There are 4 protein chains.
Amino acid sequence: MAAFEPKNPGYRAATIAMFDAQPAMRTLGVMIVRLSPGEVELAMLHSAAFTQQNGFIHAGIITAGLDNACGVAAFTLMPEEADILTVEFKTTLLAPARGERFVFKAEVVKPGRTLTFCEARAFAEHEGKTTLIATMSGTLMAMLPRKAQQTPRMSSARRGD
Amino acid sequence: MAAFEPKNPGYRAATIAMFDAQPAMRTLGVMIVRLSPGEVELAMLHSAAFTQQNGFIHAGIITAGLDNACGVAAFTLMPEEADILTVEFKTTLLAPARGERFVFKAEVVKPGRTLTFCEARAFAEHEGKTTLIATMSGTLMAMLPRKAQQTPRMSSARRGD
Amino acid sequence: MAAFEPKNPGYRAATIAMFDAQPAMRTLGVMIVRLSPGEVELAMLHSAAFTQQNGFIHAGIITAGLDNACGVAAFTLMPEEADILTVEFKTTLLAPARGERFVFKAEVVKPGRTLTFCEARAFAEHEGKTTLIATMSGTLMAMLPRKAQQTPRMSSARRGD
Amino acid sequence: MAAFEPKNPGYRAATIAMFDAQPAMRTLGVMIVRLSPGEVELAMLHSAAFTQQNGFIHAGIITAGLDNACGVAAFTLMPEEADILTVEFKTTLLAPARGERFVFKAEVVKPGRTLTFCEARAFAEHEGKTTLIATMSGTLMAMLPRKAQQTPRMSSARRGD
């Protein structure tokens, strides 16, 4: 991926504040491990409370980690005043979420003024071995306050903006 | 949707047992509300522990409910000895998950010996109003024990079987 | 689905003109069969030129029909000056595209100023029998000319708008 | 991606034969540019017959190229007697398909006896510049003849197999 230039010089603090404002991440035990413009790595320890009938972490919980990774990656490139919402994502589950620790890596594929497209991968760390267990392809949307939208910002000539 | 004939006459008890064996559903407070062959309705009360930065339920948690609804709907049509795994799903988020109670309705679009395709919708109940907040399109897979697979069960002439 | 109110009173002529302006639809032989606000039915006859290795219509061609049905359905609800682009879609292939005629039905699940969400289904007509062969879940985007965007149109309080 | 070991020593000829048996690829003018186990590159020249209302290649046609790239990549890793079908895919459209030539690169993310997961990217070459215009995440299925399925081949312990 190309390196991205953040629009918000304080992107780092803003992104961490947005992440910390999500009780769901605290409840699931998801933490930020690494953060740079358009790229992020989150991690979560195994918790029996979030398993399915075979003792693996539930696909929805893995998806919560992947979705958050995408959201955080997209948010690093958004302007200061933006809020972020997920439009849609697809999760593909390649292997059972069996392990002691789970890692969610996301990167921006294409940033845009309105829509940002991300990809993410989930890995399970089990007995010293790391396995790719899931992938995500997602669309995130920047929500700008009304005032900011008065200035025409979108060009109809470009897509994804 | 056409009515479906369950292969497992004890599908009801088997499905409830599979659902109850998932700690994640208990942790999220998801319950089965209604269950028939190929169709299911789950529900979950609002919990501040699973919200994102705006106080709405996190998209990943909504996805966990939708995915489980798909899994339960698919499982009702699977043979007695089958276990079930999610292959992939796409979640589209139409509106914020704001409400006191959330409902997840899923139905089987096409059952098959190996793959079953489902669709699900999530609704938020907020101040007496019900809003469609998310949709899911998902693929589930039946995992049969080795023995059961010795008999040739798939016909190469039909898809999704 | 709820009935939708078109923003453009001339939506019918505008939609047909947009459809007719697509050489790809002419080449594939796709035609509009039925059109109302937020709902559309397209049809296509079998053509050996668009088959895959088993003589079925190629999944990409079925997807072209489904995507166009979504685009047309979404376009009926867009304002007069809007152009439309597909953001993303997922196609699920339930059965082989075997038949003499194929029908693509789409409807808007949620319209919005910027993003419109649609669902579509493809059917194959084969020897007097109609079979559901594919489903689509898609996101479409309205592209407004710069001038129209100077007026603040989005409310940060609502999603999908 | 890890290098993959083909199960079929004659994978190259088998894959080319499968590709050449698809009239749709000939009609669209899609050709194999590069082929190795689990990886493929296809290309297609611009054709006005497959454009949409703005003169760009129709999203469904780009999807046909991406889907075929996924199918070809997956097929290189399948056993000799297998046929292949697409289960589902998601296409994300990042930029208009404007250009003189389009390239579709796919790679297998995880091969399996029954299901193979692939990712693909479409690029437009326009006035000497190459732009990423679309991504795909897809699931492909191996269809084995009845005889081959009598031997138990699936292990219930592993996913995606």
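The values are calculated or read from the model by the stated rules, or taken from the named source; none is laboratory data. These numbers were taken from a predicted model, which means no experiment stands behind them. Quick reminder, even Gly has a Cβ in these numbers, built from the backbone with ideal geometry, and neighbours come from all protein chains shown. Accessible surface is based on the protein model in full, side chains and every heavy atom, while ligands, DNA and RNA are left aside. Shrake-Rupley method; radii C 1.70, N 1.55, O 1.52, S 1.80 Å.
Things to note:
- For the protein assembly as shown: rounded, prolate or oblate by the Cα gyration tensor [a/c cutoff 1.5]: rounded
- Residues with amide H under 5 Å from that of residue C:46, placed H, sequence gap 5 or more: C:101, C:102
- Across the copies of the chain, residue C:101 has label points (7 Å from Cα along Cα→Cβ) spaced 4.2, 4.6, 6.2 nm apart, shortest distance listed first.
- When accessible surface is computed with a 1.4 Å probe, chains A and B are found to bury approximately 2600 Å² between them, both chains counted.
- Taking amide H atoms as placed 1.01 Å from N in the peptide plane, the amide H of residue D:87 lies under 5 Å from those of D:139, D:140, D:141, each 5 or more residues away in sequence or on another chain.
- Using C-alpha pairs below 8 Å separated by at least 6 residues, the relative contact order for chain A is 23 percent.
- Computed from Cα positions, the angle between helix B:11-20 and the longest principal axis of chain B comes to roughly 50 degrees.
- Restraint check, A:110/D:90; B:110/D:90; A:90/C:129, Cα-Cα greater than 23 Å: A:90/C:129
- Choice from A:55, A:99, A:65 showing the highest fluctuation, given a GNM over chain A with Cα pairs closer than 10 Å: A:55
- Distances in nm from residue D:36 to the matching label points in the other copies, shortest first (labels 7 Å along Cα to Cβ): 2.6, 5.5, 5.6
- Among A:94, A:66, A:42: highest mean-square fluctuation, GNM of chain A, C-alpha pairs under 10 Å: A:94
- With DNA, RNA and ligands ignored, accessible area of residue D:11 (1.4 Å probe; Å², nearest 10): 40 Å²
- Percent carbon-and-sulfur accessible area, chain B, ignoring ligands, DNA and RNA, probe 1.4 Å: 53 percent
- With only the Cα atoms considered, the range A:86-149 has a convex hull volume of 87 Å³ per residue.
- Diffusion constant of chain A at 20 °C, which comes from Stokes-Einstein with the Kirkwood Cα-pair radius and 1.002 mPa s, µm²/s: 133 µm²/s
- Cross-link partners of residue A:105 among aspartates and glutamates (Cα-Cα below 15 Å; sequence separation of 8 or more within a chain): A:39, A:41, A:67, A:119, A:125
- Inter-copy label distances at residue D:127, shortest first and taken from points set 7 Å along Cα to Cβ: 5.2, 5.5, 5.8 nm.
- Residues in the range A:95-142 occluded by at least 40 Å² - accessible area, probe radius 1.4 Å, against chain by itself: A:109, A:110, A:115, A:117, A:119, A:121, A:137, A:141
- Relative to the longest principal axis of the Cα atoms of chain D, the long axis of helix D:59-75 lies at roughly 30 degrees.
- Surface exposure of chain D, expressed per residue as accessible area with a 1.4 Å probe, stands at 36 Å².
- Considering only C:75, C:133, C:28, the residue lying farthest towards the positive end of the dipole of chain C is C:75, judged by Cα position with unit charges set on Cβ.
- Taking other residues whose beta carbon is less than 13 angstrom from the beta carbon of residue D:100, and scoring Lys, Arg as +1 and Asp, Glu as -1, yields +1.
- In this structure residue D:46 has an accessible area near 80 Å², from a 1.4 Å probe over the protein heavy atoms.
- In sequence order, calculated HN-Hα J values of the range B:23-40 (Karplus, 6.51, -1.76, 1.60; Hz; x Gly/Pro): x, 4, 5, 5, 4, 7, x, 7, 10, 7, 9, 8, 8, 9, x, x, 9, 8
- The distance from the alpha carbon centre of the range D:1-35 to that of the range D:105-124 is 13 Å, rounded to a whole number.
- Most fluctuating residue given options C:121, C:98, C:34, as computed from a GNM of chain C linking Cα atoms under 10 Å: C:34
- Student exercise, the range B:11-144 dipole from Lys, Arg, Asp, Glu Cβ charges, in Debye to nearest 20: 240 debye
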